[in-house]
1. Any idea what the relative contact order of the chain is, in percent, if you count C-alpha pairs under 8 Å spaced at least 6 apart?
2. Explain nothing, just compute: Karplus ³J(HN,Hα) = 6.51 cos²θ - 1.76 cosθ + 1.60, θ = phi - 60°, for every residue of segment 290-307 in order, whole Hz, x for Gly and Pro.
3. With θ taken as phi - 60° and the coefficients 6.51, -1.76 and 1.60, list the Karplus ³J(HN,Hα) couplings across segment 234-242 in order, rounded to whole Hz; mark glycine and proline as x.
4. Let me see the P(r) profile for segment 67-160: every Cα-Cα distance counted, bins of 10 Å, each bin given as a percent of all pairs.
5. If the reach is capped at under 19 angstrom between alpha carbons, list the lysines near residue 4, excluding any in the same chain fewer than eight residues apart.
6. Quick one: compute the contact order of segment 167-233, relative version, from alpha carbon pairs under 8 angstrom and 6+ residues apart, as a percent.
7. Would you please give the residues with an amide H less than 5 Å from that of residue 145, counting only those at least 5 places away or on a separate chain, with H modeled from the backbone geometry?
8. Whole number please: convex hull volume per residue, Cα atoms of segment 106-250, in Å³.
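Where a number appears in this text, it was derived from the coordinates with a stated rule and is not lab data. Fair warning: this is a prediction, and the values are worked out from it, not measured in the lab.
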Amino acid sequence: MPLKYELIKKDKYTNARVGVIHTASGDIPTPIFMPVGTVGTVKTMTVDDLKEMGAKIILGNTYHLYLKPGMDIMKKAGGLHKFMNWDRPILTDSGGFQVFSLADNRKISEDGVMFRSHIDGSKHFFTPEKSIEIQNDIHSDIMMSFDECVDANASYDYVKNSMERTLRWAKRGLDYHKANSHPDQSLFGIVQGGMFKDLREISARETVAMDFDGYSIGGLSVGETKEEMIDILNFTTPLLPEDKPRYNMGVGTPDYLFESFEAGIDMADCVLPTRIARNGTALTSEGRVVIKNATYKEDFSPLDPECDCYTCSNYSRAYLRHLVNAKEILGARLLSYHNLYFLLKMCENIREAIMNDSFLDYKKEFYEKYGY
Ligand SMILES: Nc1cc(N)c2c(=O)[nH][nH]c(=O)c2c1
């Protein structure tokens, strides 16, 4: 059976809500942050690390997995769960986002997108059907429709034409999914429309009419201002059905997560926590800490005094600074673990706050301490 969304409780004062997404690979409490495991690994984390920190679902990138290790290996491994030894839910993107943002020599047509691999320049062609076929080979629990994500400054005419093509692609992908996917696999439609509310309304209405298992809001966190993101998010989210999961793509800073969940979003993902960790930056209850700063040279206190994660329970800021400055892999690993734990724990606290009708109180307390 495809996923089922169970609404547990709506916050009394906002559109935030607590729910559970029931999938064949396990249950996902929402609101939830989803760590990104681009090529079958959440960088530097073992699957035991991910379970220990409370990760309930991770992402795989279709474009990257298609190029490496490739679908021949993926199929022989029996899918990504077996390949990476992860027995919880996996969500995959459609590959469209990376094709448009990473590949070279892209040529878009009604049928799909021709592109050259960013790895070796080899030529490939993705269609809505091909995207679902690859996500099937990955054994994705939650798949995304093939879409075009336009940047925040695209013209009205370009966004309109792109959104209309994304709707046609969504129907093609849905038809292929119904005819070829395993019954346990679910497919989300993606709402586009750029910064234009009339186009967002058309995209949402037409996408919902196709009756997907869940709905993503695409085309945000692509260069628009925070005010624009929040405005489009708060306009679009209520257009989506209450009885299906809602996913805001590419969102990962604490404030963007709070704003997303306050709007009624259930799921979010971003490479941010592991990416900034590799550059020596930590998310803490007192705001960002750039650990390589000389400030921390003789600071033998925990990274985050309010965090009980493995990193904060066993190592000091001075030691983490030393590792990062010495370019030791352990530095990236310990900071990645903490950043992911921090966001997952924040989501757990948000779920608890919604259950107590104190979401806004928690948001205010978090923002004041974090320094927003
Ligand atoms: N910020 C975003 C991040 C993403 N991974 C995506 C995506 O995968 N598809 N479509 C999107 O619009 C999109 C936006």
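1. On the way: 745 pairs, mean separation 66.9, N = 372.
The normalised contact order for the chain reaches 18 percent.
2. 8, 5, 7, 4, 4, 3, 9, 4, 10, 8, 9, 8, x, 3, 10, x, 9, 10
3. So the Karplus estimates, Gly and Pro as x, are 6, 7, 7, 4, x, 7, 9, x, 6 Hz.
4. Going out from 0 Å in 10 Å bins, segment 67-160 shows 15, 42, 32, 9, 2 percent.
5. 56, 178, 244
6. Working: 61 pairs, mean separation 22.3, N = 67.
That works out to 33 percent.
7. For residue 145, the qualifying residues are 188, 190.
8. 115 Å³
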